[in-house]
1. Give the shape of segment 8-118 as rounded, prolate or oblate, defined through the alpha-carbon gyration tensor: a ≥ b ≥ c are the square roots of its eigenvalues, a/c under 1.5 means rounded, and otherwise the shape is prolate if a/b is larger than b/c and oblate if not.
2. In segment 8-118, with Lys and Arg counted as +1 and Asp and Glu as -1 at Cβ, which of these residues, Val60, Thr35, Phe21, has the Cα nearest the positive end of the dipole, that is, farthest along it?
3. List, in order, the whole-Hz ³J(HN,Hα) value for each residue of segment 88-99 obtained from phi through the Karplus relation with A = 6.51, B = -1.76, C = 1.60 and θ = phi - 60°; use x for Gly and Pro.
4. Could you list which residues have their amide H under 5 Å from that of Ala69, counting only those 5 or more apart in sequence or on another chain, with H placed in the peptide plane?
5. Choose one of Leu11, Gln50, Ala99: the residue whose Cα lies farthest towards the positive end of the charge dipole of segment 8-118 (beta-carbon charges +1 Lys, Arg; -1 Asp, Glu; about the Cα centre).
Amino acid sequence: MKLQTVHYAELNARQQESYNFQRVSGVLADYGFTTIRLTDDWQGADFIVQHIDGEQLSKVQLKGRYTLAKKYMDKDLYICFQDRGVWYLTPHDELLAWAQQNMNIINTERVVENSRLVLVSTSVSSIEVVS
């Protein structure tokens, strides 16, 4: 077996999603979670997390960056993304409400309704990180 480091930017979109899933699964394992990757989005989720306590089970949408979308609203769904080497896992609808109240976004509701809202240049330091 030949082990060679890959360069994320050289991976295609599907490979990047697999890479991100593996990376975040390792981080979540440190907090007692196992992950189950779904082959097809189920109720908006890319994967399921289950805690070793047997009581916490959540659907998660994995993104390459801070992303909000109408199609994820009201689905009891978490959004997981990385920013500057830090993984964030937060309820989508709570993040959307926070963004609408705290960020200078023009026509946020319209943007969310008509497509998806992607914020890549905004500080996310005020977002609660679930750990």
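Every number here is computed from the coordinates shown, using simple stated rules; none is lab data. Please read these numbers as outputs of a predicted model, since none were measured by experiment. Note that each Cβ is placed from the backbone with ideal geometry, even for glycine, and that neighbours are counted across all protein chains shown.
1. Values: a/c = 1.75, a/b = 1.39, b/c = 1.26.
Here segment 8-118 falls in the prolate category.
2. Ranked along the dipole, the leading option is Phe21.
3. 10, 9, 8, x, 4, 5, 5, 5, 4, 4, 4, 5
4. Here the answer is Leu117, since their amide H atoms fall under 5 Å of that of Ala69.
5. Farthest along the dipole direction, towards plus: Leu11.
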